[in-house]
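To start, the structure under review is shown below, and the notes come after it.
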Amino acid sequence: MKRLKFKPAAQFDDRGKVTVLNVAILLGLLVLPAIALQRRAADFRWIAPYAILIGVLTYWSYAHDKRKAKTKEWRVPEFRLHLMEVIGGWPGAYLAQRRLRHKCSKGAYQFVFWIIVLAYQCAALDSLQDWGISRAALDQIKRF
C-alpha cells in the first residue's frame, strides 16, 4: 500500500490560469459599459485610473481572503467582496476568480456576482437608450 505524503500549504500550487477565453469574455463584458461611458462624454482620464485601482484592490481582497481561507483565519466578509464588485471592481473579481480559483465554485456567491455584472450591462444599455428603460420602470411604479 502506497503511503500518502502531505505537503505544507505553502507548497500547493492551486493557482488557475487566465486563458485567452477568459480575457476575451472580460473584454466582451467591458465593451458595452465603455461605449456607454464614451457616448456620455465621460472623462477617461479619471475613469480609467479609478477602474484600474478598484479592480486591483478587489483582486487583492480576493487574494487576501484566499490566504486567510488556507490558514483558517478570519475571512473577508462576502458582503465586502460584493460591495467592491458593485463599486466597479467586478473585472478584478472576475480575474481573481479565474486566476486564484477562489469563490468560483460557490453557487450562491456566483449568482450574486453575475447579477452585479448583469446590472452593469443593463445600466450601460439603458444609458445608450437615453435611460428609456429606467423611465418606463419609474412610470410603472408611479401608476401604483
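For the stretch 71-78, the count of residues that are in contact (Cβ under 8 Å) with a residue 60 or more places away in the chain and either more than 26 Å from VAL20 (Cα to Cα) or open to solvent by 20 Å² or more (accessible area, probe 1.4 Å) (or both) is nonzero. Close contacts from the stretch 80-92, counting a first residue that is at positive phi and a second that is open to solvent by less than 30 Å² (accessible area, probe 1.4 Å) and in a helix (DSSP H, G or I), with Cβ to Cβ under 8 Å and a gap of 6+ residues or different chains, come to GLY88/ILE54; GLY88/GLY55.
Whether a residue is within 26 Å of ARG39 (Cα to Cα), more than 16 Å from the chain's Cα centre (by Cα), assigned to a helix (DSSP H, G or I) and not hydrophobic (A, V, I, L, M, F, W, C) was assessed, and ASP130 does not pass this test. Among residues of the stretch 108-120 that are touching a residue at least 12 places away in the same chain (Cβ under 8 Å), none has a beta-carbon under 7 Å from a residue that is among the polar types (S, T, N, Q) and part of a helix (DSSP H, G or I) at least six positions away or on a different chain. Looking only at residues of the stretch 79-105 that are in a helix (DSSP H, G or I) and open to solvent by 60 Å² or more (accessible area, probe 1.4 Å), we find that the one that is farthest from PRO49 (Cα to Cα) is PHE79. Scanning the stretch 110-138 for residues that are touching a helix residue (DSSP H, G or I) at 6+ places or on another chain (Cβ under 6 Å) and open to solvent by less than 80 Å² (accessible area, probe 1.4 Å) returns VAL112, ILE116, VAL117, TYR120, GLN121, ALA124, ASP126, SER127, LEU128, SER134.
Here is a yes/no grid of residues against (1) hydrophobic (A, V, I, L, M, F, W, C); (2) over 25 Å from LEU125 (Cβ atoms); (3) modelled with pLDDT under 90; (4) over 11 Å from the mean Cα position of the chain (by Cα):
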{"site": "ARG15", "(1), (2), (3), (4)": "no, yes, yes, yes"}
{"site": "ASN22", "(1), (2), (3), (4)": "no, no, no, yes"}
{"site": "PRO33", "(1), (2), (3), (4)": "no, no, no, yes"}
{"site": "GLU73", "(1), (2), (3), (4)": "no, yes, no, yes"}
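The values are calculated or read from the model by the stated rules, or taken from the named source; none is laboratory data. Quantities reported herein were computed from a predicted structural model and do not represent experimental measurements. Counting neighbours? That spans all protein chains shown, and the Cβs are built from the backbone with ideal geometry, glycine included. Each accessible area value is taken on the protein alone, full model and side chains, heavy atoms only, with ligands, DNA and RNA left out. Shrake-Rupley method; radii C 1.70, N 1.55, O 1.52, S 1.80 Å.
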